[in-house]
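Here is the structure we will look at, set down as structure tokens.
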């Protein structure tokens, strides 16, 4: 079946303010689309509130606030905003972890949009299996529906072994059983759900079980973070899209011997940082992904 993506995998188009991709909705069902209408949402990721190295980002205390302002300044406000993990920077101190989560929540509350959804990253949740995160943001995995699309937020970070886990996979399968085969599905998660570069922890150990559960559905798209850069991948008919981070970029998978944040470039401030605006047009078999900068050049 045609998965809705260009036969060369992706059709790259020129877009105002960023790069626009046609991404799989795998032939969005027309009957569902007629009732659903159009909508768009914003993905923000890897804000790492609490990070403090000025060599990597001298505006470490201001970048998140600038991102909030950039979203608020969009010509059309999104239906909702989602943060795909690493809201805060890791710390061994449970009290400081909660302070950072609280401060992050206060800044995110500055968004104009009424609905904001959150996912944990390993920096937020791996050291205490999500205990502090849940005190501020609730469940680490959940579902919701929006204008004919079924959204599934998966937690592949609370387990320090970088796994989704048997219990959550059983929950996922139970949820999927309730859906019609043609239902468009969006999966939101932090780590990639395929082996992008396991040597750098850019994988989920039991991702194959997740993909196997999703594969029977022809209209699945995954949005994730963790790798601090834009990346696009297909696994069968499922499209995976990584978002840029909002604190520092990371090198391309395996491009250097050791993974480390890319230093700040004074000649090109905020280079490699950004967020994503995602348009769903039920009249077309694709999401439109618009990659936007934190600060316009």
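The values are calculated or read from the model by the stated rules, or taken from the named source; none is laboratory data. Not measured: the values here are computed from a predicted model. Cβ placement follows ideal geometry from the backbone for every residue including glycine, while neighbour counts extend to all protein chains displayed.
A quick yes/no check of all residues on (1) surrounded by fewer than 16 Cβ atoms within 10 Å (Cβ to Cβ); (2) within 17 Å of residue 85 (Cβ to Cβ):
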residue	(1), (2)
153	no, yes
160	yes, yes
171	no, no
195	yes, no
211	no, no
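Is there a residue in segment 136-154 that is assigned to a loop (DSSP other than H, G, I, E, B), modelled with pLDDT of 95 or more and closer than 25 Å to residue 294 by Cβ?
No, because not a single residue in segment 136-154 is assigned to a loop (DSSP other than H, G, I, E, B), modelled with pLDDT of 95 or more and closer than 25 Å to residue 294 by Cβ.
Annotation for segment 272-281: no member residue is surrounded by 15 or more Cβ atoms within 10 Å (Cβ to Cβ), more than 18 Å from residue 45 (Cα to Cα) and modelled with pLDDT of 95 or more.
State whether one or more residues within segment 106-115 are touching a helix residue (DSSP H, G or I) at 6+ places or on another chain (Cβ under 7 Å), at pLDDT 95 or above and assigned to a strand (DSSP E or B). There is no residue in segment 106-115 that is touching a helix residue (DSSP H, G or I) at 6+ places or on another chain (Cβ under 7 Å), at pLDDT 95 or above and assigned to a strand (DSSP E or B).
Annotation: residue 266 fulfils all but one of (1) assigned to a loop (DSSP other than H, G, I, E, B); (2) within 30 Å of residue 165 (Cβ to Cβ); (3) free of Cβ contacts under 8 Å to residues at least 12 places away in the same chain; the unmet one is (2). Just one of the listed residues (84, 91, 140, 115) is in contact with a strand residue (DSSP E or B) (Cβ under 7 Å, 6 or more places away or on another chain), in contact (Cβ under 8 Å) with a residue 12 or more places away in the chain and surrounded by 14 or more Cβ atoms within 10 Å (Cβ to Cβ), namely 84. Within segment 59-105, the set of residues being farther than 24 Å from residue 128 by Cα and assigned to a helix (DSSP H, G or I) comprises 63, 64, 65, 66, 67, 68, 69, 70, 71, 72. Scanning segment 175-193 for residues that are buried (at least 21 other Cβ atoms within 10 Å of the Cβ), out of contact with any helix residue (DSSP H, G or I) (no Cβ under 8 Å at 6 or more places or on another chain) and without any contact (Cβ under 8 Å) to a residue 60 or more places away in the chain yields one hit, 186.
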